[in-house]
Amino acid sequence: MKPDVGISVPSKADRKSRMEGTKVNVSGITVGGSEFIVIAGPCAVENKDQLFETARSVKSGGARILRGGAFKPRSSPYSFQGMGEDALKLLSDIRKETGLPVVTEVMDTRQVELIASYADMLQVGSRNMQNYPLLKEVGMSKKPVLLKRGMMATLEEFLLAAEYILNQGNDQIILCERGIRTFETSTRNTLDLSAVPMLKHLTHLPVIVDPSHGTGLRWMVPSLAKAAMAVGADGLIMEVHNNPEAALCDGAQSLSLEEFALLMTDLKKISMAIDREFGNF
Ligand code: PEP
Ligand code: MN
C-alpha cells in the first residue's frame with residue numbers, strides 16, 4: 001500500500017503494528033496513557049540543596065517524573081560536565097523522599113549499566129540519537145528509554161533510531177521533540193510542533209515535547225508548553241531550577257519554581273478544555 005505521507009516507517013515502530021498505542025511504564029507512571037505527564041527538574045544536578053529544593057517544588061506543582069543530568073553533553077569541554085555518579089546518588093536519594101521516578105542521560109555504552117542501576121529511565125540525548133551502539137545497548141537494558149530527536153534528524157531518521165531500540169526487544173520508548181536546527185537564530189532551536197501529530201500518526205510510541213531546549217528562552221517556554229498539550233503530545237519535559245540565574249547549565253531556558261507552578265495551573269485549565277487527564281493537584 002502506498003504510504004499516505006512521503007516517508008517509510010520502519011515496521012516495529014509503525015503505528016499499524018499496534019494501533020492502540022504503546023504505554024511506557026516508568027516505575028509506575030504511565031506515559032502514553034490517558035494522563036498528560038510532566039517531567040521536570042534541573043538541566044544538571046549541581047548540589048544537594050539545588051536538586052532537593054527543585055525536586056520538592058516540582059513534585060508539589062504536579063510533576064510526575066524528575067529529570068536531572070549527571071553526565072552532561074556540553075559543547076565546550078571547559079563547561080561544567082556534571083557531577084557523575086555523585087549526582088546519580090542524589091537523584092536516587094530524592095526519589096526515595098518524593099517518590100518521583102528519575103530520568104537521566106546516558107552518553108556512552110560504558111555508562112549504561114551504572115546509570116541503569118540508579119535511574120528509572122535512560123535518556124538518549126539529541127547528540128546521540130544516531131549513536132547506534134548506544135541505541136542497541138539501551139535496547140538491551142530493561143529500562144524505559146527517553147529518545148530525543150537529533151537536532152538535524154528527519155522524522156524518518158528519528159523513527160529508525162527508535163527501531164534500533166525496538167529491535168533489541170525493548171518497546172518502552174518515549175520520543176521527544178526538542179527542536180531542530182534551522183536558519184532561524186532568534187531561538188536556540190526551532191521547535192517542530194508539527195512533528196507531534198505526525199509522529200502520533202506514524203508510530204505507536206508516545207511523544208513528548210521539550211520546550212526548554214526547543215526555544216532556549218525561559219519566557220517562551222510556557223507558551224510552547226501549552227501549545228504542546230493542545231497539539232496532542234503525551235507530556236512535556238522541562239528544565240526548572242531553584243535559582244536559574246546561578247545555574248551551571250542552561251539557566252536562560254530554566255523556569256523558576258514559581259514560573260513552573262504557575263504554568264502547571266495554566267496547563268490544568270487547558271487539560272479541562274480538551275478533556276485530558278492531568279495531575280491531581
Ligand atoms: C538535556 O535534556 O539536558 C539535553 C542535553 O537535551 P538535548 O539532548 O535535547 O540537547
Ligand atoms: Mn539542558
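The values are calculated or read from the model by the stated rules, or taken from the named source; none is laboratory data. Bear in mind the structure is a predicted one, so any value in this text is a computation, not a measurement. For neighbour counting, all protein chains shown are included, and Cβ atoms are generated from backbone atoms with ideal geometry for every residue, glycine included.
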Task: Pairs, first modelled with pLDDT under 95 in the stretch 86-104, second part of a helix (DSSP H, G or I), C-beta under 9 Å, six or more apart - done: none
Open item on the list: When you scan the stretch 110-123, do you find a residue that is aliphatic (A, V, I, L, M), under 14 Å from VAL26 (Cβ atoms), within 17 Å of the chain's Cα centre (by Cα) and in a helix (DSSP H, G or I), even just one?
Closed with: yes
- [ ] Please identify the pairs in which a residue from the stretch 25-43 that is in contact (Cβ under 8 Å) with a residue 24 or more places away in the chain and within 16 Å of ligand 2 (Cβ to nearest atom) has its Cβ atom under 9 Å from the Cβ atom of a residue that is basic (Lys, Arg) and part of a strand (DSSP E or B), counting only partners at least 6 apart or on another chain.
- [x] ILE39/ARG67; ALA40/ARG67; GLY41/ARG67; PRO42/ARG67; CYS43/ARG67
Task: Any hit, the stretch 194-215, residues being within 15 Å of the chain's Cα centre (by Cα), farther than 12 Å from ALA233 by Cα and among the charged types (D, E, K, R) - done: no
Task: Near pairs, Cβ below 8 angstrom, 6+ apart or cross-chain, from the stretch 242-254 (within 10 Å of SER212 (Cβ to Cβ)) to any residue that is more than 10 Å from ligand 1 (Cβ to nearest atom) and part of a helix (DSSP H, G or I) - done: ALA252/ARG218; ALA252/PRO244; GLN253/THR215; GLN253/ARG218; GLN253/VAL221; SER254/ARG218; SER254/PRO244
- [ ] Being in contact with a strand residue (DSSP E or B) (Cβ under 8 Å, 6 or more places away or on another chain) and within 16 Å of ligand 1 (Cβ to nearest atom) is the filter here, so list the residues in the stretch 166-187 that pass it.
- [x] ILE173, ILE174, LEU175, CYS176, GLU177, ARG178, GLY179, ILE180, ARG181, THR182
- [ ] Identify all residues within the stretch 251-281 that are among the hydrophobic types (A, V, I, L, M, F, W, C) and touching a Gly at 6+ places or on another chain (Cβ under 6 Å); write none if there are none.
- [x] PHE260, ALA261, MET264, PHE281
TODO: Answer yes or no: is there a residue in the stretch 16-39 that is more than 21 Å from ILE165 (Cβ to Cβ), touching a helix residue (DSSP H, G or I) at 6+ places or on another chain (Cβ under 8 Å) and surrounded by 19 or more Cβ atoms within 10 Å (Cβ to Cβ).
DONE: yes
TODO: Starting from the stretch 260-279, keep only residues that are under 17 Å from MET238 (Cβ atoms), then list their pairs with residues that are among the small types (Gly, Ala, Ser) and in a loop (DSSP other than H, G, I, E, B) whose Cβ atoms are within a distance under 6 Å, requiring at least 6 positions of separation or different chains.
DONE: MET264/GLY62; GLY279/GLY62
Task: Unmet criterion (only one of (1) surrounded by 18 or more Cβ atoms within 10 Å (Cβ to Cβ); (2) within 16 Å of ligand 2 (Cβ to nearest atom)) for SER75 - done: (1)
Task: Scan of the stretch 80-137 for residues that are surrounded by fewer than 21 Cβ atoms within 10 Å (Cβ to Cβ), within 15 Å of ligand 2 (Cβ to nearest atom) and at positive phi, ordered by number - done: none
- [ ] Considering only the stretch 264-281, state which residues are closer than 16 Å to ILE65 by Cβ and either out of contact with any Lys or Arg (no Cβ under 9 Å at 6 or more places or on another chain) or buried (at least 17 other Cβ atoms within 10 Å of the Cβ) (or both).
- [x] MET264, LEU267, GLU277, PHE278, GLY279, ASN280
- [ ] Quick one: count up the residues across the stretch 60-102 that are assigned to a loop (DSSP other than H, G, I, E, B), within 15 Å of ligand 1 (Cβ to nearest atom) and touching a helix residue (DSSP H, G or I) at 6+ places or on another chain (Cβ under 7 Å).
- [x] 4
